[in-house]
Amino acid sequence: MNNKSLNVDEAIGHFAGVLTEDQKKRGLLIHAFHQIQKEHNYLPEEELKKLSKKLGVPLSEIYSTATFYKQFYFSPRGRNVLSVCTGTACHVRGAGEMLESVKEEFGIDEGDTTEDMQLTLETVGCVGCCGLAPVITLNEEVVGDIDDKKFKGIIKHIRRGE
Ligand code: FES
């Protein structure tokens, strides 16, 4: 299925008759969460309430499903999302220091977003590119082999509001 081309109503049709009722509901919810998050950058409560009404699924069940998955967010995220890999390979190659530098530079902790919404800082276990350690992802793009120069460039890029 091409997720990009289906809206919620089309997805209802797609899932019908193929899966169990529970699987259908879950699949449909996840699809809807992705659509909502794509539009708003997170899952606003108002949108989840609308979804609950539209699908006849209790709001508590909507939240229970959404919170099960790490990729869904419940508060606004920054225009840039920088995620520092803190897996073993990255850790031994300086990820901890890099994380501290970002915190200091932007005055935020991991999981936080700057007041100007320029940056959300996160950490991730391992992104599977250990040979490129230390690694970060910037807006889901993997950037590896980070040395001082690259790191400063990334900070500058975020500061400039790009
Ligand atoms: S530990 Fe960082 S990419 Fe694997």
Handout entry: Members of the stretch 62-94 that are out of contact with any strand residue (DSSP E or B) (no Cβ under 8 Å at 6 or more places or on another chain) and of a type in the set (A, V, I, L, M, F, W, C)
Key = Ile62, Ala66, Phe68, Phe72, Phe74, Ala89, Val92
Exercise for the section: Residues being under 17 Å from Gly78 (Cβ atoms), within 16 Å of the ligand (Cβ to nearest atom) and outside any strand (DSSP E or B): count how many of those fall in the stretch 125-153. Expected result: 1
Exercise for the section: Residues being among the charged types (D, E, K, R) and within 16 Å of the ligand (Cβ to nearest atom): count how many of those fall in the stretch 67-98. Expected result: 2
Exercise for the section: Give me the pairs, please: first residue somewhere in the stretch 87-114 and over 17 Å from Ala133 (Cα atoms) and touching a residue at least 40 places away in the same chain (Cβ under 8 Å), second residue anywhere and part of a helix (DSSP H, G or I) and away from the ligand (no atom under 15 Å from the Cβ), beta-carbon distance under 6 Å, and either six or more positions apart or on two chains. Expected result: Glu105/Ile155
Practice task
Within the stretch 101-124, identify whether any single residue is over 22 Å from Asn7 (Cα atoms), within 16 Å of the ligand (Cβ to nearest atom) and assigned to a helix (DSSP H, G or I), and answer yes or no.
Solution key: yes
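Throughout, read-outs are computed from the coordinates displayed, never taken from laboratory work. Everything numeric here is computed off the predicted structure, so don't read it as measured data. A quick note on method: Cβ atoms are made from the backbone with ideal geometry, for glycine too, and the neighbour counts reach across all protein chains shown.
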